[in-house]
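Working notes, structure below.
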Amino acid sequence: MYRLTQIHQRIDERLRLEARKARPDGLEVLRLAALKARAKTALAVLTGRTVVPA
């Protein structure tokens, strides 16, 4: 679970860095957002929580 939390945090940081660029790559932002959602869902499954889609 700790490793999954680290992965989620790294994806979040990369997503924020990409979004701050003068010309962010839209496909990269979408890819990172999807990866972040997958990590969040996996964390929720491990902790037994339900995930409410945003």
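Summary table
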{"read-out": "Surface per residue (accessible, 1.4 Å probe) for the chain, Å²", "value": "83 Å²"}
{"read-out": "0 to 90° range, to nearest 10: angle between helix 26-47 axis and the chain longest Cα axis", "value": "10 degrees"}
{"read-out": "Packing-based ranking, highest mean first, of 36-42, 20-26, 1-7 given that Cβ atoms within 10 Å are counted", "value": "36-42, 1-7, 20-26"}
{"read-out": "Directionally averaged projected area (convex hull, Cα atoms, the chain), nm²", "value": "3.7 nm²"}
{"read-out": "Pair THR50, GLU13: separation of 7 Å Cα→Cβ label points (nm)", "value": "3.4 nm"}
{"read-out": "Rounded to 10°, Cα long-axis angle of helix 2-20 versus longest principal axis of the chain", "value": "20 degrees"}
{"read-out": "Carbon/sulfur fraction of accessible area - the chain, other protein chains in place, 1.4 Å, %", "value": "60 percent"}
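The values are calculated or read from the model by the stated rules, or taken from the named source; none is laboratory data. Note that the coordinates shown come from a computational prediction; the quantities given were computed from them, not determined experimentally. A quick note on method: Cβ atoms are made from the backbone with ideal geometry, for glycine too, and the neighbour counts reach across all protein chains shown. The area values use the complete protein model at the heavy-atom level, side chains included, leaving out ligands, DNA and RNA. Shrake-Rupley method; radii C 1.70, N 1.55, O 1.52, S 1.80 Å.
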